[in-house]
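Engineer: Here's a structure for you.
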Amino acid sequence: MASTQDLLKQAADLTSSSPKRAEELYKQILNSTASTSKGSAINADKEQSLRDQELALIKLAELYRDQKDASGLAQVITLSRSFMSSTAKAKTAKLIRTLLNYFNSIPNSRQTQIDVLTDNIEWSKREKRIFLKHSLEIRLVSLQLEALQYKLALTRIDALLTELKRLDDKMILTEVHLLESRVYRGIGNLSKSKAALTSARTAANSIYCPPHLQAALDLQSGVLHAEDKDYTTAYSYFYETFENMSSQDDPAALNALKYMLLCKVMLNMPEDVTSLLSIKLAVKYAQLREIESMRAIALAHQNRNLSDFEKALRDYKHELSSDSTIRSHLAALYDTLLQQNLLRIVEPYSVVEIDYVAKQVGQGRQDVEAKLSQMILDKVFHGVLDQGRGCLIVFDELEADNTYGAAIGTLEQVSKVVDSLYAKTVKIA
């Protein structure tokens, strides 16, 4: 009978040519080593058996990852429990983290991950593996946030915070408060989002904060400042994040760079986008499609060209609409650009047809009429919509008449003089 090492080598050789056979061999190894490890005493044989079992688990998981088989990978994680019951808790946490990371390469596997995590959280709770349970719950909340399951995420966060405050684990507490901030921002409650971020920073200040966690805190700070239209402060936070993540070759650095470019556009400084992409850290990202999309937006904004802006939104639909932060700010930017274009068209006229204005900006008549009505109400310009004639009547801006103000000022001074004279009269009398 072939030894476990021989079976591992044979399975590794068959991975590319015959994945099904390799899968059978790995499962055979897991079954044989599981029975061996249960029956063996604590000796060298058991240690070797556990090492073989761990290797077989990882190799089988890699096989399912390469085949994009999420359900198979979920089964491997369930199978690993018998192995995890025989090993140290720290090693268990590392193994399950490795296996869960393989899901990242499998498209459309989010729901499978959520199911696997929920199942393993219950298992770790039964086994009283508290720290493993906390790390799995944090991962689950992150997935629920991605899936826009805000209510479920907040329920899980509240339970987690109660446990963590009792344990006083500042590191995990920082991560959970950061997730809480992101969830509240997702549902539009910015005040609670800022409060949660402040709690995260307070917890982080009392410990050594790893660079990746500090970068995540800075990124969230930048996002919240951008929501308040404070793009200058937001840019400084995004720059800190970008520098931090780039030094670690973190793929998330790309998001920070996109947000930096967005801030420049929102600050009406689109010409700075080209110079920003020429700095040393940004050069390697300059040709990526995500950055090309932001460059196209900046160019359209610089030229005040609404049709180019719409073309960029169509051409880079996935890159610009997949990120909620960029999507919301570009919607505001589009509205501003439309307003600027409408003002440019109507300013030379005292009366102008709405159909003509709609044709010039390339928008539907109804949309243009609604926008002009909003601009009149917001006092962007003075005018009235004559819907009977289908025209916009533009009035000259009324100059403020200072006569009444000057008259009131004069009367106040006269009143003071009369009061003064009356006081002197009383003294003389």
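Engineer: If R₀ is 25 angstrom, what is the calculated FRET efficiency for the pair residue 335 and residue 395, using the beta carbon separation as r and rounding to 0.05? Before the final figure, lay out each step's value.
Structural biologist: Numbers: r = 24 Å, r/R0 = 0.95.
Once the sixth-power term is evaluated, E becomes 0.60.
Engineer: Sticking with this one: Once the piece of chain linking residue 302 and residue 166 is laid out straight, how much longer is it, given 0.36 nm per residue of separation minus the C-alpha distance between them?
Structural biologist: Taking residue 302 through residue 166 to full extension adds about 43.6 nm, to one decimal.
Engineer: Separate question: 222 nm [θ] for the chain, helices only, -39500 (n - 2.57) per DSSP H run of 4+, per residue, to 500? List each step's numbers first, then the result.
Structural biologist: Working: 21 runs with 320 residues, N = 429.
About -24500 deg cm²/dmol.
Engineer: Measure off 7 Å from each Cα along the Cα-to-Cβ vector at residue 288 and residue 159, then give the distance between these two points in nanometres to one decimal.
Structural biologist: Those two pseudo-labels are separated by 3.6 nm.
Engineer: Full extension from residue 272 to residue 94: what is 0.36 nm times the residue separation minus their Cα-Cα distance, to one decimal in nm? Numbers along the way, then the final one.
Structural biologist: On the way: separation 178, 0.36 × 178 = 64.08 nm, distance 4.40 nm.
Roughly 59.7 nm would be gained on extension.
Engineer: Next question. To the nearest 20 debye, what charge dipole does the range 293-429 have about its Cα centre, counting +1 at the Cβ of each Lys and Arg and -1 at the Cβ of each Asp and Glu? List each step's numbers first, then the result.
Structural biologist: Numbers: 15 positive and 19 negative charges, 67 e Å.
I would put it at about 320 debye.
Engineer: Related question: Starting from the 7 Å offset along Cα-to-Cβ, what nm value, one decimal, do you get for the label separation of residue 125 and residue 229?
Structural biologist: The modelled label-to-label distance comes out at 4.6 nm.
Engineer: Further question: Could you state how much accessible area residue 391 has, in square angstrom rounded to the nearest 10, with a 1.4 Å probe and all protein chains kept in place?
Structural biologist: Near enough 10 Å² of accessible area.
Engineer: Right, here's the next one. Pairing the Cα long axis of helix 44-66 with the longest principal axis of the chain, what angle in degrees results, from 0 to 90 and rounded to the nearest 10?
Structural biologist: Result, in degrees: 50.
Engineer: If I ignore ligands, DNA and RNA and count only protein heavy atoms, how much of residue 319 is accessible to a 1.4 Å probe, in Å² to the nearest 10?
Structural biologist: So the heavy atoms of residue 319 present about 20 Å² to solvent.
Engineer: Translational diffusion coefficient, Stokes-Einstein: compute it for the chain using the Kirkwood radius over C-alpha pairs as Rh, at 4 °C and 1.567 mPa s, and state it as an integer in µm² s⁻¹.
Structural biologist: Numbers: Rh = 27.2 Å.
D = 48 µm²/s.
Engineer: Please report, as a whole percent, how much of the solvent-accessible surface of the chain comes from carbon and sulfur atoms (probe radius 1.4 Å).
Structural biologist: Numbers: 12290 of 23380 Å².
Ligands and nucleic acids excluded, carbon and sulfur reach 53 percent.
Engineer: How much accessible area per residue does the chain have, in Å², with a 1.4 Å probe?
Structural biologist: On the way: 23380 Å² over 429 residues.
With all protein chains present, the chain gives 55 Å² per residue.
Engineer: Okay, moving on. What does the charge dipole of the chain about its Cα centre add up to, to the nearest 20 debye, if the Cβ of each Lys and Arg holds +1 and the Cβ of each Asp and Glu holds -1?
Structural biologist: Working: 53 positive and 54 negative charges, 332 e Å.
For this selection, approximately 1600 debye.
Engineer: Now for a separate question. Suppose R0 equals 25 Å. What FRET efficiency, 1/(1 + (r/R0)^6) with r the Cβ-Cβ distance, do residue 321 and residue 356 give to the nearest 0.05?
Structural biologist: 0.20
Engineer: Percent of Cα-Cα pairs more than 23 Å apart in the range 234-320, please.
Structural biologist: Values: 665 of 3741 pairs.
Roughly 18 percent, once rounded to a whole number.
Engineer: Give the long-range amide H neighbours of residue 383: residues separated by 5 or more places, or on another chain, with amide H under 5 Å away, using H modelled in the peptide plane at 1.01 Å from N.
Structural biologist: HN-HN under 5 Å from residue 383: 395.
Engineer: Which translational diffusion coefficient, to the nearest whole µm²/s, is obtained for the range 295-428 from the Stokes-Einstein equation, given a Kirkwood hydrodynamic radius over C-alpha pairs, 20 °C and 1.002 mPa s?
Structural biologist: Details: Rh = 18.8 Å.
Rounded to a whole number, D works out at 114 µm²/s.
Engineer: Counting residues in the range 144-204 as N, plug N into 2.2 N^0.38 Å and put the Cα Rg over that result. All intermediate terms of the calculation are to be shown ahead of the outcome.
Structural biologist: Working: Rg = 10.9 Å, N = 61, 2.2 N^0.38 = 10.5 Å.
Relative to the 2.2 N^0.38 Å estimate, the range 144-204 comes out at 1.04.
Engineer: For the chain, take the longest principal axis of its alpha carbons; what is the angle in degrees between that and the long axis of helix 150-167, to the nearest 10 within 0 to 90?
Structural biologist: On a 0 to 90 degree scale, this one is about 70.
Engineer: Let me ask something else. Put a dot 7 Å past each Cα toward the Cβ at residue 148 and residue 379; how far apart are the dots in nm?
Structural biologist: Once both label points are built, they end up 3.8 nm from each other.
Engineer: So how do 137-149, 362-374 stack up, highest first, on mean other-Cβ count within 10 Å?
Structural biologist: Working: 137-149: 18.5, 362-374: 15.2.
The packing order, highest mean first, is 137-149, 362-374.
Engineer: Towards the positive end of the charge dipole of the chain, with charges on Cβ (+1 Lys, Arg; -1 Asp, Glu), say which of 300, 418, 118 has the farthest Cα.
Structural biologist: 118
Engineer: Send over the per residue convex hull volume for the range 53-176, Cα only, as a whole number of Å³.
Structural biologist: Details: hull volume 12.2 nm³, N = 124.
Taking only Cα atoms, the range 53-176 has a hull volume of 98 Å³ per residue.
The values are calculated or read from the model by the stated rules, or taken from the named source; none is laboratory data. These numbers were taken from a predicted model, which means no experiment stands behind them. Positions of Cβ are backbone-derived with ideal geometry, glycine not excepted, and every protein chain shown enters the neighbour counts. Protein only, heavy atoms only, side chains kept; ligands, DNA and RNA dropped before computing areas. Shrake-Rupley method; radii C 1.70, N 1.55, O 1.52, S 1.80 Å.
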